[in-house]
Amino acid sequence: MGDFLKRHWSYILGALLLHALFAGVFGLTMLNMQRDAPPMQLAIQAVIVDPSQLNQATRQQQQRRERERERALQQEREQQAKQEQQEQQAQRERDQQAAEQQKREQEETVRKEAEQRAAQERQVELKQREEAEQRRVAEEQQLRERQDAEKKRAAAEAERKKRAEEEAKRVADIERKQKEEAERRKAADDKRLQESRESELQRQLQEEEADAAADAAAASSPEMAQYQAMIRQAVQRRWNRPLSARDDLLCQVTVRQTPAGVVLSARVGSCNGDAAVKQSVENAVMNASPLPTPPNARLFRAELTFNFRPGGG
């Protein structure tokens, strides 16, 4: 009920005012009717009434009543129009107040939203500042740590270099001493080696001189002549005489052989035969492998040169 009165108080107030207006108009009408009524006559007074006048008075009274009713209706219509105007004005005022209230509410909402956004922006800015400050502090801390680490690395590097220089110096001293010792030993060894070489060379010279004398004796000995004759015979048995070979053929042949007489190579030097003859002599030497061994080991030559003369000595 209270909510209903609060929502419709304007309409209820208008209805009450309208009823009060109707009551006022009715009261005024009754007072006018009483003033216009003819005065009361005593019952004993005799009145002569003219019917035409009575009808005229009746008509006038009716007209007056009609006019009063019209005035009342007019006043009522005017009051109703005024009430309607007042209600419209009140409604406009209420609408205006509602619009203003809505506008104020919207403005308040916009203001609150702006304040809220500003507060959020301040919070975001504050957070960003805090984060920036934290990053700055962290970066400064990292910079100090890097600087400390760099100083430590530099100190460690300097210490390492110092130790390395000291170690290099110590190693250089050791190497120098070792080199000096090695040079001293090498000089002594070289001296001993030189003396040993000179002694060995002297011995070899003596042996070579003895061997040369023996070889010279062996080379000119009948045994060497016999050994070369054995080789010439072995080669001649393997020789296939070409048609271009001369009767007085004489070729100098150099043979490389093993101690067992295995021929490694054969080469014809000066020869009075053509290429076919030279090739036939080399083939004969290779086919005669292994060559006869000498009767005396001192007669063996790894590279032996002899004269190939078929049918001759």
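Using Cβ counts within 10 Å as a stand-in for footprinting exposure, how do K278, K179 rank, fewest first?
Final ranking by Cβ density, sparse to dense: K179, K278.
Placing +1 at every Lys and Arg Cβ and -1 at every Asp and Glu Cβ, with all other atoms neutral, what dipole size does the chain have around its Cα centre, in debye to the nearest 20? Spell out each step's value before the answer.
Values: 55 positive and 54 negative charges, 93 e Å.
Here the size comes out at about 440 debye.
Any lysines with Cα under 23 Å of the K179 Cα? List them, leaving off those in the same chain fewer than 8 positions away.
The qualifying lysines are K169, K191.
Could you tell me the calculated FRET efficiency between N55 and E76, based on Cβ-Cβ distance and R0 = 25 angstrom, to the nearest 0.05?
Numbers: r = 30 Å, r/R0 = 1.21.
Using R0 = 25 Å, I get an efficiency of 0.25.
What is the gain in length, in nm to one decimal, between D95 and E68 on full extension, counting 0.36 nm per residue of separation less the C-alpha to C-alpha distance?
Net length gain for the segment: 5.9 nm.
In nm, what is the difference between 0.36 nm times the number of residues separating M30 and R267 and their Cα-Cα distance? Don't skip to the answer; put the middle values down first.
Working: separation 237, 0.36 × 237 = 85.32 nm, distance 18.19 nm.
Difference between extended and current length: 67.1 nm.
Enter the angle in degrees (range 0 to 90, nearest 10) between the Cα long axis of helix 9-36 and the first principal axis of the Cα atoms of the chain, meaning the one along which they spread out most.
Helix 9-36 sits at roughly 10 degrees to that axis.
Specify which residue in the list A164, L250, Q97 is farthest towards the positive end of the charge dipole of the chain, using unit charges on the beta carbon of Lys, Arg (+1) and Asp, Glu (-1), about the Cα centre.
L250
In nm, give the distance between the simple-model label positions of R197 and A119, each being 7 Å from the Cα along the Cα-to-Cβ direction.
10.6
Given labels modelled 7 Å from the Cα in the Cβ direction, how far is it in nm from Q102 to S10?
Those two pseudo-labels are separated by 1.4 nm.
With a point put 7 Å past each Cα toward its Cβ, work out how far L17 is from E84 in nm, to one decimal.
Simple spin-label model gives 1.5 nm for this pair.
The numbers here are math on the coordinates, done by the rules we state, and not lab data. Being a predicted model, the structure only gives us computed values, none of them experimental. Neighbour counts run over all protein chains shown; Cβ positions are idealised from the backbone, glycine included.
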